[in-house]
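Here it is, the structure in full.
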C-alpha cells in the first residue's frame, strides 16, 4: 500500500504541510484538499504551486475535490493536472445524473483519473452500480456512519477500489483514530494486506497520523 495523508496535518499552508510531511519516510503520498475553493484558496495554491511541484519526486499527489461539487470546479483540475495523479469526487446530492454526464466529458478529456467516494447518505450507490468502469474510493468513516458492512462493500467493489480513506468514528464523528480491535478494522486487514493502492490516513493532525501509523506498523501492514 501507498501511505498518504491530507495536506493539512499542521496549521499552515499547502506548502508548509508538504515540507513538514516530507520528513516522514513512511508517507509516500499527499492528498491536496480543496473542500472549499474560494478566491483565497485559489490564490494561495497558485502562489505555492511551483514549490509543491518540487516534491513530485518525493510524493504522489492526489486532489480531493470540493464537497459541494459543481461543473465550474473543472478549474481545479486545470490548476493541478500537471502534478496530481487522481481526483477524489463526492457526487452532488442533486442533479446527480446531470453531473454524471459532465463526469463522462471530464473522463474523455483527462482520462480515467476520477474516483467516486462512498458517502454517508448513499445517494451515489446507484451510479456506482450502474457504471462498473468508475474507479472507487472506499471511505471507512462514511461506511461506519451509514451502517454499511465493510465486507459487503469490499466484495461489491473490490476490483474497482483504488484508494482507501482510513479513519474511525467516535461519538458520531468521523476522521478519528480507531482502535485496532474494532471489528470493522479486523475485517479490513486481509484486504489491506494485499492492497497496492493509496491508503489515506484521513485525520487532520500529525499526532493522529502518528497514532494510525503505529497501528498499521503493529499489525505488520507497513
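Give me a count of the residues in the stretch 173-192 that are assigned to a helix (DSSP H, G or I) and either surrounded by 13 or more Cβ atoms within 10 Å (Cβ to Cβ) or in contact with a helix residue (DSSP H, G or I) (Cβ under 6 Å, 6 or more places away or on another chain) (or both).
7
Can you tell me which residue is farthest from residue 160 (Cα to Cα) among those in the stretch 193-207 that are outside any loop (DSSP other than H, G, I, E, B) and touching a residue at least 60 places away in the same chain (Cβ under 8 Å)?
206
Find the residue count for the stretch 57-71, including only residues that are at pLDDT below 95, assigned to a loop (DSSP other than H, G, I, E, B) and in contact with a helix residue (DSSP H, G or I) (Cβ under 8 Å, 6 or more places away or on another chain).
Selection size over the stretch 57-71: 2.
Checking the structure you have, find out if any residue of the stretch 90-99 is modelled with pLDDT of 95 or more and on the phi < 0 side of the Ramachandran plot.
No: zero hits.
Looking at the stretch 30-56 only, could you name the residues that are without any contact (Cβ under 8 Å) to a residue 24 or more places away in the chain and either farther than 23 Å from residue 73 by Cα or not in a loop (DSSP other than H, G, I, E, B) (or both)?
Within the stretch 30-56, 39, 40, 41, 43, 47, 50, 54 qualify.
Taking the condition touching a strand residue (DSSP E or B) at 6+ places or on another chain (Cβ under 6 Å) and either surrounded by fewer than 14 Cβ atoms within 10 Å (Cβ to Cβ) or outside any strand (DSSP E or B) (or both), does residue 27 pass?
Yes.
The values are calculated or read from the model by the stated rules, or taken from the named source; none is laboratory data. Note that this is a predicted model, so its numbers are computed, not measured. Every residue, glycine among them, receives a Cβ derived from its backbone with ideal geometry; neighbour counts consider all protein chains shown.
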